[in-house]
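First comes the structure, then the notes that go with it.
The values are calculated or read from the model by the stated rules, or taken from the named source; none is laboratory data. Predicted model, so just to flag it, every value in this text is computed and none were measured. Virtual Cβ from ideal backbone geometry, glycine too; neighbours counted across all protein chains shown. Areas reflect the complete protein model, heavy atoms only, side chains present, ligands, DNA and RNA absent. Shrake-Rupley method; radii C 1.70, N 1.55, O 1.52, S 1.80 Å.
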Amino acid sequence: NERRAFVEETLSRAAGTRIAVEGAISVRFLPFPVVKLEGVTVGSKATGIEVKADRVSLDIGTMPLLKGEIHVMEATVEKPVVTLAISPEGRVPKFPPLTNNNNDASSGWAIRIETLALRNGELAVIPTADAPPMRLSKLDLDVEAAALSGPWHVEGTGQWHGRSVNVRLTTGALD
């Protein structure tokens, strides 16, 4: 944990948005890189999108790193809370500076996520500054993404106002 600033800076640069880790950080390199983080915050409410998670575990492919790519073979995010504030123009915020070329403009890293499991999560959408958030809770989702900028395929279950719901979502790449 003495290298916290280095880990946060490296992750933030690779993702193209601020990442803070308040808890333990564990990194293992063999037989393949594994990063485990506790108390993770991605983005900020000031930008309109914030993700907080109790724990994040990333299994990273070794060979893609040699080509300047980050290939997350398997990621698990426990108790994520995603907060989205809809802009006055009705737009959903996105993490800057993600582009549709699969590279973060500042880091040069191409990031691919093979499988992402979100366990016991929550999505809070704030439609206007003075309205209460709409919440989808108890989310257990499996996600596939060719790049952070998409396209994304999401499938799983959750609860909406105490009722069980199936969740299925496919997006295109971000503009």
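On the chain, 57 percent of the accessible area sits on carbon and sulfur atoms, based on a 1.4 Å probe. The order of 126, 60 by accessible area, most exposed first and with a 1.4 Å probe, is 126, 60.
Computed from point charges on the beta carbon alone (+1 for Lys and Arg, -1 for Asp and Glu), the dipole magnitude for the chain about its Cα centre is near 140 Debye. Computed from phi, the 3J(HN,Hα) profile of segment 79-91 under the Karplus parametrisation 6.51, -1.76, 1.60 (θ = phi - 60°) reads 6, x, 10, 9, 10, 10, 9, 6, 5, x, 7, x, 9 Hz, with x in place of Gly and Pro.
Suppose each label sits 7 Å from its Cα in the direction of the beta carbon; what would the residue 69-residue 169 distance come out to in nanometres? It is 2.6 nm. Pair-distance distribution of the chain: all C-alpha pairs, bin width 10 Å, starting at 0; shares per bin in whole percent are 10, 36, 40, 13, 2, 0. Across segment 49-64, the residues whose backbone nitrogen lies under 19 Å from the label position 7 Å along the beta-carbon direction of residue 131 are 49-50. What the chain shows is 60 Å² of accessible area per residue, with the surface traced by a 1.4 Å probe over protein heavy atoms. Across segment 49-63, rounded Karplus estimates of 3J(HN,Hα) from the backbone phi angles (6.51 cos²θ - 1.76 cosθ + 1.60, θ = phi - 60°) give 9, 9, 10, 10, 9, 5, 9, 9, 10, 10, 9, 10, x, 6, 4 Hz, Gly and Pro being marked x. Within segment 1-62, the GluC sites (Glu not before Pro) that combine a DSSP coil assignment with at most 15 other C-beta atoms in a 10 angstrom radius are 2, 22.
A run of the chain free of exposed loop cleavage sites, with trypsin sites (Lys or Arg not before Pro) counted only in DSSP states other than H, G, I, E and B and at most 11 other beta carbons within 10 Å, reaches its longest extent at 92-175. With r as the distance between the Cβ atoms of residue 47 and residue 155 and R0 = 25 Å, compute the FRET efficiency 1/(1 + (r/R0)^6) and round to 0.05. Once the sixth-power term is evaluated, E becomes 0.40.
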